[in-house]
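J.: Pasting a structure here, questions to come.
The values are calculated or read from the model by the stated rules, or taken from the named source; none is laboratory data. Since the model is a prediction, treat every value here as computed from it, not as a measurement. Virtual Cβ from ideal backbone geometry, glycine too; neighbours counted across all protein chains shown. Just the protein is used for accessible areas: all its heavy atoms, side chains included, with ligands, DNA and RNA removed. Shrake-Rupley method; radii C 1.70, N 1.55, O 1.52, S 1.80 Å.
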Amino acid sequence: VCSSDLPVPVPDVREYHFGDAEGLAWDEVVARWGREDHDWGIGPVPGEEGFEAFRARVAGAIEAIAARHTGELAICVVHAGVMGTLVGHVLGMGAHQHPSMFTGNCGIATVHRDRGHLEIVALNDQCHIEEGER
């Protein structure tokens, strides 16, 4: 989010916190905690954020940014996990439900606030990237 052309860090739009699994290779996570792709957010990794907390954190931050910048342009730079949880929030999906979507590097999502609710106007727009660079 920018204010007076200076970037402002917004900690609540950081990526998911994997707790003690941060920085480990997938095989290390499986060996230590028996983790599978589908069971993040429900169990035993110490310090793991959990999907309910992640969804609440991201949705609250984006909702606050949208409310604070009504009628203005606000730009947030986020990772794919944040974008996926935002899409899930806007669509009313449960915290453990994830939209099946591809988010390319540098894709642009346009989100508007309409009658008090967020709506996704564009998702993963990569028109600014040369065709050969995608």
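J.: Could you tell me the relative contact order of the chain? Use alpha-carbon pairs under 8 Å, at least six residues apart, and round to a whole percent.
T.: Dividing the mean separation by the residue count of the chain yields 21 percent.
J.: Positive end of the dipole of region 1-91, charges at C-beta (+1 Lys, Arg; -1 Asp, Glu), about the Cα centre: which of 89, 18, 67 has its Cα farthest in that direction?
T.: The listed residue farthest towards the positive side: 67.
J.: Report, by chain and number, residues whose modeled amide H sits under 5 Å from the one on residue 10, excluding near sequence neighbours (fewer than 5 apart, same chain).
T.: Close amide H contacts, sequence-distant or interchain: none at all.
J.: Then there is this: Provide the FRET efficiency to the nearest 0.05 for the residue 70-residue 42 pair, computing r from the beta carbons and using R0 = 22 Å.
T.: Calculated value: 0.05.
J.: Using each residue's phi in region 19-31, evaluate 6.51 cos²θ - 1.76 cosθ + 1.60 at θ = phi - 60° and report the 3J(HN,Hα) Karplus result to the nearest Hz, with x for Gly and Pro.
T.: Calculated HN-Hα couplings, in order: x, 5, 7, 3, x, 8, 6, 4, 5, 5, 5, 4, 5 Hz.
J.: Would you work out if region 24-88 is rounded, prolate or oblate? Take a ≥ b ≥ c from the square roots of the eigenvalues of the alpha-carbon gyration tensor; rounded if a/c is under 1.5, else prolate when a/b is larger than b/c, oblate otherwise.
T.: Prolate, since a/c reaches 1.5 and a/b exceeds b/c.
J.: Taking the Cα centre of the chain as the origin, how large is its charge dipole in debye, to the nearest 20, when only Lys and Arg (+1) and Asp and Glu (-1) carry charge on their Cβ atoms?
T.: About 440 debye.
J.: Could I ask something else about it? Could you work out which residue, out of 86, 123, 73, moves most in a Gaussian network model of the chain, that is, has the largest mean-square fluctuation with Cα springs under 10 Å?
T.: Checking each option, the largest mean-square fluctuation is seen for 73.
J.: Per residue, how big is the convex hull of the chain when only Cα atoms are used? Give it in Å³.
T.: Considering the Cα atoms of the chain, their hull volume per residue is 137 Å³.
J.: Residues of region 88-103 with backbone nitrogen within less than 16 Å of a virtual label 7 Å along the Cα-to-Cβ line of residue 126, please, listed as ranges.
T.: Flagged as within label range: 101-103.
J.: On average, how much accessible surface per residue is there in region 1-102, in Å², for a 1.4 Å probe, leaving out ligands, DNA and RNA?
T.: 60
J.: List every residue whose amide H lies under 5 Å from the amide H of residue 108, counting only residues 5 or more places away in sequence or on a different chain, with H placed 1.01 Å from N in the peptide plane.
T.: When sequence neighbours closer than 5 places are left aside, the close amide H contacts are 124, 125, 126.
J.: In whole Hz, what ³J(HN,Hα) sequence does region 124-131 give by Karplus (6.51, -1.76, 1.60; θ = phi - 60°), x for Gly and Pro?
T.: Running phi through 6.51 cos²θ - 1.76 cosθ + 1.60 with θ = phi - 60° gives 6, 5, 10, 5, 7, 9, 4, 3 Hz.
J.: At a 1.4 Å probe, what is the % contribution of carbon and sulfur to the accessible area of the chain?
T.: In the chain, the share of accessible area belonging to carbon and sulfur is 54 percent.
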